[in-house]
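Structure first, then comments.
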Amino acid sequence: MVYDRVCVLKNSELSVQVVPAEGGRIASLKSLHSGMEFLTQSRRRGQYPQSGFDARFQDGPCAGIEECLPTVGPSGPETEGGPAPDHGDFWQLPWQLLAASDTHASMSALGFSRTLGFSKRLTLAHNLLRIAYTVENVGPTAQSFLYACHPLFAVSAGDRVLLPGEIRELRLDYSKGDRLGASGSIILWPATKSGIRLDVTLGPQVGTAEMFYTPRLQDGLCGIYREASAQVLEISFDTERLPYLGLWLCYGGWPSDGEEPRQYAVALEPTTSPSNNLANAQRTSTAISLKLVRGATGKSSSA
């Protein structure tokens, strides 16, 4: 059902709120048994930025589950196909709501940096929210992209981050002030060589921020244990389509320019590439390419 531009899905277990006008983002995912809200809530006030190549992700809602396509970090003019904006096109675009009921919603949008159409269908069943995605090339030439689901999960100090059981180490992409080392360093999981526990969440006053990527995965299952409600939020994804997982641990250390509000969240980001931007994904041959086949639209789907 739709109330004041918010699409609400609800059953006896979960309540989900989606805002098509704000990048189609999932703004709330709440357990109706415990009342636990699993997603960060936006603390931004005022108007969000106009969509375009110069829009900054930190000036948008910065909350809930948003979509990063065709890049995460901004990708410059050296990128094949041209530049791509900070966190991609689709978080900053209004999406068209195609259908909605108490337990289903579907929506779509058309990008501006690439001729890519993006659609998703949400289905709520018992204690499960399923999201199925489709990316289409609607233009005359091949287009490449990376995709990362970008869920900013709410946490409290002492919660636990649960990665696939096969993970013993991560590649460090970013660490504020090089706290854990330089970009590209290999970091042990769940505890670093110096004994820092990465799987136990810290408080918002710590001021740290780190981004990691897993190696290629066999097991697409991760999650967060919320101590206050003794609940585990599980995230399951298809590693044939999304073979990597990005991990963002932000305990008040971002935005890096010191702007408020400071982010306090953990993001578990199933992704097509262990690269932060499209140019790097192209260089490492982990970008996805969609071509037109016999005059039809190129299409890629995942769930």
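The values are calculated or read from the model by the stated rules, or taken from the named source; none is laboratory data. These figures come from a predicted structure and were not determined experimentally. For neighbour counting, all protein chains shown are included, and Cβ atoms are generated from backbone atoms with ideal geometry for every residue, glycine included. Only protein heavy atoms, including side chains, enter the accessible area calculation; ligands, DNA and RNA are left aside. Shrake-Rupley method; radii C 1.70, N 1.55, O 1.52, S 1.80 Å.
Observations on the structure shown:
- Mean shadow area of the chain over all directions, Cα convex hull, nm²: 15.4 nm²
- Surface accessible to a 1.4 Å probe, per residue, for the residues of the chain, Å²: 44 Å²
- Charges were assigned to the Cβ only: +1 to each Lys and Arg, -1 to each Asp and Glu. The resulting dipole of the chain about its Cα centre is roughly 280 debye.
- Share of carbon and sulfur in the accessible area of the stretch 97-233 stands at 54%, probe radius 1.4 Å.
- Distance between modelled label sites at ARG160 and GLU80, nm, 7 Å Cα→Cβ extension: 4.3 nm
- Potential lengthening between ARG171 and LYS291 on full extension [0.36 nm per residue; Cα-Cα distance subtracted]: 40.1 nm
- Between the C-alpha center of the stretch 129-178 and that of the stretch 54-80 there is a gap of 13 Å.
- ³J(HN,Hα) computed for each position of the stretch 149-165 - Karplus, 6.51 cos²θ - 1.76 cosθ + 1.60, integer Hz, glycine/proline x: 5, 10, x, 9, 8, 6, 9, 10, 4, x, 5, 10, 9, 10, 9, x, x
- Cβ charges +1 (Lys, Arg) and -1 (Asp, Glu), total dipole of the stretch 85-142, debye: 140 debye
- Overall, the anisotropy analysis places the stretch 125-250 in the oblate class: the square-rooted eigenvalues a ≥ b ≥ c of its C-alpha gyration tensor yield a/c not less than 1.5, with a/b not exceeding b/c.
- The modelled label-to-label distance for the pair ARG216/ARG283, using points 7 Å beyond Cα in the direction of Cβ, is 2.1 nm.
- Relative contact order computed over the stretch 89-244 (Cα-Cα under 8 Å; 6+ residues apart), in percent: 16 percent
- Dipole magnitude for the stretch 169-250: about 260 debye, using +1 per Lys or Arg Cβ and -1 per Asp or Glu Cβ, origin at the Cα centre.
- 3J(HN,Hα) along the stretch 208-222: 9, 7, 9, 10, 10, 10, 7, x, 4, 9, 9, 10, x, 9, 8 Hz, from the Karplus curve 6.51 cos²θ - 1.76 cosθ + 1.60 with θ = phi - 60°, whole Hz, x for Gly and Pro.
- Along principal axes, Cα extents of the stretch 245-284, largest first, whole Å: 34, 20, 9
- In the stretch 178-303, the DSSP beta bridges split such that about 95 percent are antiparallel, to the nearest 5.
- The stretch 92-193 - convex hull of the alpha-carbon atoms, volume per residue in Å³: 202 Å³
- Site pair ARG241 and ASP59 shows an inter-label distance of 3.3 nm when each label is modelled 7 Å from Cα along Cα→Cβ.
- Kirkwood-based Rg to Rh ratio, the stretch 118-165, C-alpha trace: 1.11
- Solvent-accessible area, 1.4 Å probe, carbon plus sulfur percent, for the stretch 1-58: 47 percent
- Restricting the GluC sites (Glu not before Pro) of the stretch 149-238 to loop positions (DSSP other than H, G, I, E, B) with no more than 16 neighbouring Cβ atoms within 10 Å leaves GLU166, GLU227.
- For the stretch 154-205, convex hull volume per residue from C-alpha positions, Å³: 99 Å³
- Debye log10 I(q)/I(0) for the stretch 15-62, one point scatterer per Cα, at q = 0.28, 0.29 Å⁻¹: -1.10, -1.14
- Global form of the stretch 167-239, assessed from the alpha-carbon gyration tensor, a/c cut-off 1.5: oblate
- The number of Lys pairs in the chain with C-alpha atoms less than 27 Å apart, excluding pairs fewer than 8 positions apart on the same chain, is 7.
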